[in-house]
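Take a look at the structure set out below.
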Ligand code: GDP
Ligand code: MG
Ligand code: K
C-alpha cells in the first residue's frame with residue numbers, strides 16, 4: 001500500500017449573493033446523496049451550518065451568513081457586522097451572481113463589503129449560464145474582474161449541474177489541510193456534538209481574547225451517560241491547535257485557562273442538554289492528526 005497518504009482538506013465556505021441568484025439550488029445540487037443537511041434547530045453559533053459535503057479529498061462545510069445588504073437600521077448594522085466577521089473567519093467565500101441580472105447597487109454594495117474582508121479568498125460564481133451564450137458571459141466576467149480581485153471565476157448552472165464538479169475541486173484546492181469535522185457518511189441530523197464542539201471553541205476564542213486563531217478545531221470524541229449516574233453526560237473533547245505556543249495559551253498557568261474553558265462551556269452545555277455535564281478536555285497540536293491517514297475511526301462521533 002502507498003504509505004504516503006493524501007492529506008485531507010477541510011474548511012468552512014460561506015455562500016453569499018442576492019436573493020434568487022441560486023444559492024439554495026447550488027447547495028441542493030452539491031448535496032446529491034453525500035451531504036447531510038443540518039437540522040433547523042437554533043444554533044448557538046453565528047454561522048449556521050447548511051450542508052456538509054464529504055468525499056475522499058476532504059470535507060466542505062457550507063455555512064449561511066445573515067446576508068450582505070445595505071443596513072437600514074441599527075439592528076441591520078449589527079447583523080452586517082456579524083456577517084463581516086463571519087466572512088473573515090471562513091476559509092473561502094463563494095459570491096454567487098445570476099448572469100441574467102443587470103449589475104446594480106446590490107452588487108456594488110456586496111463588492112464594497114468584500115473589499116473589507118481582506119483575509120478570505122473569494123470565488124465569483126456566475127450562475128444560470130444555461131440562460132446565456134458564452135459571448136454574453138465574457139463582458140460580465142470582465143466587469144466583475146475590473147471591480148474585485150477574485151481568486152477564481154467559475155461559471156456554473158446550479159440547476160443543470162453544469163460545472164459544479166469543477167467548482168467542488170476548485171474549492172478543495174483552496175481549503176487548508178484539516179480533519180473531517182463530521183463523519184463522512186453522516187445522514188442523521190444530529191448536530192449536538194457539533195454544537196458542543198462549537199460551544200467549547202467559542203469559549204476558547206473568548207477567554208483567550210482571540211490570541212489563538214479561529215482555525216483551531218474542537219472534536220468531541222465521545223458523549224456518553226455517566227457510569228455512576230446515567231442521568232449525567234460525560235463529554236470528552238480534544239482541542240487541536242496549530243502551534244505548541246497556542247497549546248500553551250489554551251492550557252494556561254497550571255491548567256487554569258483550560259479549567260476556565262471547561263467550566264464556561266459546561267454551563268452552556270448543561271443549558272443546552274438540560275443535564276448535569278462533565279467535560280474532559282485535551283489539547284493537542286495539529287501535527288498529531290495531520291499524520292494520521294484515516295481520521296474518522298479515531299473520531300467516532302456516533303456509537
Ligand atoms: P436563492 O434565493 O439564492 O437561494 O435562489 P434559489 O436557489 O432559490 O433559486 C432562485 C430561482 O432560480 C429558482 O427558481 C431556481 O430554480 C432558479 N435557478 C437557480 N439556479 C439556476 C440555474 O443555474 N439556471 C436556471 N435557469 N435557473 C436557476
Ligand atoms: Mg435560498
Ligand atoms: K479567513
So residue 137 and residue 118, fully extended at 0.36 nm per residue minus their Cα-Cα distance, gain in nm 4.2 nm
Once both label points are put 7 Å beyond Cα along the C-beta direction, the residue 169-residue 24 separation in nm becomes 3.1 nm
Expected sort for 112, 221 with the fewest Cβ neighbours (10 Å cutoff) up front is 112, 221
In this structure, the FRET efficiency calculated for residue 147 and residue 7 from their beta-carbon separation, with R0 = 35 Å, to the nearest 0.05, is 0.50
At R0 = 22 Å the Cβ-Cβ FRET efficiency linking residue 245 and residue 85, nearest 0.05, sits at 0.35
Looks like the range 192-298, by Cα gyration tensor root eigenvalues a ≥ b ≥ c and the a/c under 1.5 rounded cutoff (else prolate when a/b is bigger than b/c, oblate otherwise), is oblate
With 0.36 nm assigned to each residue of separation and the Cα-Cα distance removed, residue 276 to residue 100 gains 57.9 nm
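All of the numbers you see were taken from the coordinates with simple rules; none came from a lab. This structure is a prediction, so every number in the text was calculated from the model and none was measured. Every residue, glycine as well, gets a Cβ built from its backbone with ideal geometry; the counts of neighbours run over all protein chains shown.
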